[in-house]
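Participant: So that we are looking at the same thing, I have put the structure below in structure tokens.
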Amino acid sequence: MRVVLLGALALASALAGTPAGPAVAQASADCAQPRQALGVSRVVEIDGQGSARFGHQQYKDHDFLADGEVVLTFDDGPLRAYTQPVLDALKAHCTLATFFMVGRMAVADPELVREIARRGHTVGTHTWTHANLRSMGPAQAQREIELGFSAVRRAAGRPIAPFFRFPYLADTKAMLAHLATRDIAVFSIDADANDYRTEDPAAVHAAIIGQLTHKRKGILLFHDIQPSTARALRGLLDELKRRGFRVVHLVAKGEARTLPDEDRIAERAIGEKRSAAATSPLAKRSVVWPVQPLPEPVRTDLPPLPPAGPVARVRPPPREERWQDTIFRN
Ligand SMILES: [Zn+2]
């Protein structure tokens, strides 16, 4: 495992040739008030080879942040209603974040996944269905992880980072070992917005500022499916700037390598979503994805998959976000 630290002065040359490079330049150009913006003070390139684990709530192995430095991370999305204001707040501050996306959320809105990547944010993953991997056997847990990578990679239409965060931060020894063999870096957290507990943006603001007053730095956890974070973020970034905090942007040294069987399943899931969107405009807006067990592994010795049928919904929830609230936490 190797962590490469890049100073701000080296930013332009260091990012040349990486997906984040042009977007960083564009973000700066678009920034209306650069002097009041957080921007990106430093880029840290993560080499996930071997066992790379970060975030002091669980892992004490490495500390790449200096006093006053924060990393912005957003889990569980994308979900357009709340991800869009999050992107707007980040753009207003000319700053960049890391999004740990859920596979089935990504295939529900591939256009938004591509928009996030196009803006220069780093895209990692958070399993296929946001399952608690401690509640299942290693084979199924492994498939949750791998299908998550395939789905987000396929939705993005470009390489993504080999960055992973466990749902509920519920890691297991077996999956940590698996991720190490796949050269995937694991991210825990240092501070939690607790945004899934509240709809009040002031509570999110207070949670982060309170923890940072004590810790002075860290990897910050938000959820871009939560209205409280969507409403709080702009003001919170203003406050971080006022208090002299600096944003560190994480980039990957290499790209996530996906597995062919899971790629085929992900491709089929995206195809099903597309065909559903073509026949029913509502499907395009919906984040409701069939609640079903993981699909059986695709066997390469069988004939090609039949054409995808319409997406079956189990139960339309009264509100999209309420469904999210009950399903997703960390
Ligand atoms: Zn989560």
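Participant: From the list R234, R216, which residue is in contact (Cβ under 8 Å) with a residue 24 or more places away in the chain and within 21 Å of G55 (Cα to Cα)?
Facilitator: R216
Participant: Condition first: of a type in the set (F, W, Y) and open to solvent by 30 Å² or more (accessible area, probe 1.4 Å). Can you find one or more residues in the range 159-175 that meet it?
Facilitator: yes
Participant: State which residue is farthest from the ligand (Cβ to nearest atom) when the search covers only the range 107-134 and only residues that are more than 30 Å from H93 (Cβ to Cβ) and open to solvent by 40 Å² or more (accessible area, probe 1.4 Å). Spell out the reasoning first.
Facilitator: Of all residues in the range 107-134, those more than 30 Å from H93 (Cβ to Cβ) come to 128-129, 131-134.
Within this subset, residues satisfying the condition of being open to solvent by 40 Å² or more (accessible area, probe 1.4 Å) are 132, 134.
On the way: N132: 10, R134: 14 Å.
In this case the residue turns out to be R134.
Participant: Moving to a separate point now. Is it the case that T172 is touching a residue at least 24 places away in the same chain (Cβ under 8 Å) and farther than 16 Å from A52 by Cβ?
Facilitator: Against the criterion (touching a residue at least 24 places away in the same chain (Cβ under 8 Å) and farther than 16 Å from A52 by Cβ), T172 qualifies.
Participant: Got a number for residues in the range 58-78 being in a loop (DSSP other than H, G, I, E, B), surrounded by 23 or more Cβ atoms within 10 Å (Cβ to Cβ) and either at pLDDT below 95 or away from the ligand (no atom under 16 Å from the Cβ) (or both)?
Facilitator: The total comes to 0.
Participant: Let me ask something else. Kindly list, by first and then second residue, each pair from a residue in the range 62-83 that is touching a residue at least 24 places away in the same chain (Cβ under 8 Å) and within 20 Å of H130 (Cβ to Cβ) to a residue that is within 16 Å of the ligand (Cβ to nearest atom) and hydroxyl-bearing (S, T, Y), limited to pairs with Cβ atoms under 6 Å and residues at least 6 apart or on different chains.
Facilitator: T73/T98; G77/T83
Participant: Please find, among G137, G103, the residue that is buried (at least 24 other Cβ atoms within 10 Å of the Cβ) and farther than 24 Å from S41 by Cα.
Facilitator: G103
Participant: Would it be correct to say that R285 is at pLDDT 95 or above and either among the hydrophobic types (A, V, I, L, M, F, W, C) or open to solvent by 80 Å² or more (accessible area, probe 1.4 Å) (or both)?
Facilitator: no
The values are calculated or read from the model by the stated rules, or taken from the named source; none is laboratory data. If you're wondering where the values come from, they're calculated on a predicted model, not measured in any experiment. In this analysis, Cβ positions are derived from the backbone assuming ideal geometry, glycine residues included, and neighbour counts consider all displayed protein chains. Accessible surface is based on the protein model in full, side chains and every heavy atom, while ligands, DNA and RNA are left aside. Shrake-Rupley method; radii C 1.70, N 1.55, O 1.52, S 1.80 Å.
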